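Right, one structure below, let's go through it.
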Amino acid sequence: LCRIHYHFGESGNYSLEVKILSRSTQTVSCDLSINEDPINSYLPILFAFLVYTGILAAVIAGRLLMKIDPVRSWVCKKLNPRETEQLINSELDSPGRADSLGSDLSSQPLWSSVPRQRLRSLDTFRGLCLTIMVFVNYGGGKYWFFKHESWNGKLHFQTAFSSRFVFIMGTSVSLSLSSMLRWGSSKKKVLLKILWRSFLLILLGIVVVNPNYCLGPLSWDNLRIPGVLQRLGFTYLVVAALQLPFTGIVSENVPEMPPPALQDILPYWPQWIFILTLEVIWLSLTFLLPVPDCPRGYLGPGGIGDFGKYPNCTGGAAGYIDRLLLGEKHIYQHPSSSVLYQTKVPYDPEGILGTINSAVMAFLGLQAGKIILLYKDQHKQIMSRFLIWSIVMGIISAALTKCSKDEGFIPINKNLWSISYVTTMSCFAFILLLLIYYLVDVKRLWSGAPFFYPGMNSILVYIGHEIFENYFPFKWKMQDSQSHAEHLIQNLTATTLWVLISYVLYRKRIFWKI
């Protein structure tokens with residue numbers, strides 16, 4: 001009858017009046033009226049931004065004051081001399097000896113001593129991704145752009161940063177394996193500990209995603225098998241085991257090395273063959289595997305999507321493989337597509353098929369680690385390589401998606417972990433790593449705080465925020481469950497508490513190792 005482009009505000013009440021002006025000419029008018037004005041739902045975000053900006057300004061002012069001799073002397077009189085020295089040389093001001101300590105989920109070889117020198121940019125990158133993951137998992141203030149995407153589409157905060165956590169895990173694997181072998185560990189010993197660490201990650205993941213540990217032993221009947229930590233465990237196993245045989249094969253100033261543009265690629269050609277084989281497997285299963293009652297190569301959400309033609313085909317081959325191998329009761333029962341598309345079948349976004357592309361993304365992160373090791377302190381070379389890889393990934397993404405939401409060959413989809421999603425996220429990850437590396441490790445304009453601290457204790461923060469999600473002070477009963485302001489206060493408070501906890505643990509030199 002008519003088309004109206006209008007931005008409806010939150011909590012507004014509207015009326016649409018449709019009038020037939022002329023039956024002979026079929027002229028129709030559509031008038032939109034506002035019965036109740038909408039609210040400005042973005043004011044809480046603005047207020048929160050001002051509060052955190054004020055805190056940042058106060059911290060910077062404190063740092064500047066500490067550089068004034070009279071103020072420094074006064075502080076020395078008021079505080080214990082040892083505490084004063086720690087404050088002056090703390091990580092809020094400049095990187096100190098604490099750089100040589102710590103552990104995290106993805107970078108450090110948790111079975112041995114931490115190397116004497118660390119790239120703070122990697123921990124900062126990891127901590128930034130983890131902090132945003134925690135905030136979004138806690139609710140993200142109930143804003144639409146902080147929620148998980150229902151299916152294909154926009155790159156929301158959670159979509160963007162959770163995948164970069166996988167990316168930085170690959171980067172850290174390269175550095176940690178090189179460090180362990182340099183400190184005298186044999187490859188056989190390192191491999192055994194890779195297997196053990198992967199097993200622990202998977203085991204912890206199964207416990208965390210089945211939150212009935214307070215009610216008794218886990219029941220196999222409805223035990224969810226896939227999960228975030230499980231995927232990280234398998235991904236870590238693949239990438240670390242793949243890199244271990246090649247660790248140390250490239251050294252500086254070797255005349256037989258290939259041209260500089262290929263130094264981080266050609267020596268590792270067996271790795272590339274393996275990764276490309278994995279991708280061929282993903283493509284073959286995704287587009288060629290027959291799925292009962294579904295079109296071959298289906299990538300849609302099922303339910304009422306695609307005009308309800310394929311209601312039980314959620315995820316196509318990916319969902320079918322999980323249901324076939326794991327069973328419907330052992331995968332996620334409430335996927336993000338269930339609200340918008342009214343899907344009825346369970347679908348797990350951390351399923352088996354998507355783990356293949358998770359390994360591909362970690363391998364691209366591994367490539368960043370190789371670049372850092374190969375060029376070491378040649379900052380311009382490192383940053384130029386990051387930029388080149390970002391451009392390459394962006395071009396591949398544009399070709400796969402045709403720069404569209406649904407019209408490309410393979411749409412960007414986090415639920416499926418499509419290859420276009422991997423290349424797009426890797427494109428942004430290389431750029432983000434470049435910027436953080438430049439600010440933190442090259443120019444030292446930023447110490448990485450406060451994200452550096454959760455990055456140093458990432459496994460504790462991630463598991464802790466999952467276990468204590470529904471407990472005070474991370475959650476409390478709200479007066480108005482529809483209020484963005486109340487949700488935002490609660491979610492920011494919970495996230496800030498985990499950052500503070502990680503800071504205190506860092507100052508106490510407490511790091512959770514597995």
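The values are calculated or read from the model by the stated rules, or taken from the named source; none is laboratory data. Because the structure is a prediction, the values reported are computed rather than measured. As a convention, Cβ positions derive from the backbone with ideal geometry for all residues, glycine included, and neighbour counts pool all protein chains shown. These accessible areas exclude ligands, DNA and RNA; they are computed on the full protein's heavy atoms, side chains included. Shrake-Rupley method; radii C 1.70, N 1.55, O 1.52, S 1.80 Å.
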Checklist (1) under 27 Å from N357 (Cα atoms); (2) assigned to a helix (DSSP H, G or I); (3) among the aromatic types (F, W, Y); (4) open to solvent by less than 30 Å² (accessible area, probe 1.4 Å) applied to W417, failing item: (2)
Checklist (1) surrounded by fewer than 22 Cβ atoms within 10 Å (Cβ to Cβ); (2) outside any helix (DSSP H, G or I); (3) not hydroxyl-bearing (S, T, Y) applied to F428, failing item: (2)
Residues located in segment 436-447, provided they are open to solvent by 60 Å² or more (accessible area, probe 1.4 Å) and in contact with a Ser or Thr (Cβ under 9 Å, 6 or more places away or on another chain): Y438, L439, R444, W446
I331 touching a helix residue (DSSP H, G or I) at 6+ places or on another chain (Cβ under 7 Å) and crowded, with 21+ Cβ neighbours inside 10 Å: yes
Qualifying residue in segment 68-83 (condition: polar (S, T, N, Q) and within 32 Å of the chain's Cα centre (by Cα)): no
Residue in segment 20-37 that is closer than 29 Å to Q482 by Cβ, in contact (Cβ under 8 Å) with a residue 40 or more places away in the chain and among the small types (G, A, S) present: no
I372 buried (at least 20 other Cβ atoms within 10 Å of the Cβ), touching a helix residue (DSSP H, G or I) at 6+ places or on another chain (Cβ under 7 Å) and modelled with pLDDT under 95: yes
Looking only at segment 300-327, and only at residues there that are hydrophobic (A, V, I, L, M, F, W, C) and surrounded by fewer than 22 Cβ atoms within 10 Å (Cβ to Cβ), the one that is farthest from D348 (Cα to Cα): F307
The lone exception for K344 - which of (1) within 23 Å of V209 (Cα to Cα); (2) buried (at least 22 other Cβ atoms within 10 Å of the Cβ); (3) more than 15 Å from the chain's Cα centre (by Cα) it fails: (2)
Matching residues, segment 310-335, being in a loop (DSSP other than H, G, I, E, B) and closer than 19 Å to L289 by Cβ: Y310, N312, C313, T314, G315, G316, L326, G327, I331
Residue within segment 439-458 that is in contact with a Pro (Cβ under 8 Å, 6 or more places away or on another chain) and in a helix (DSSP H, G or I) present: no
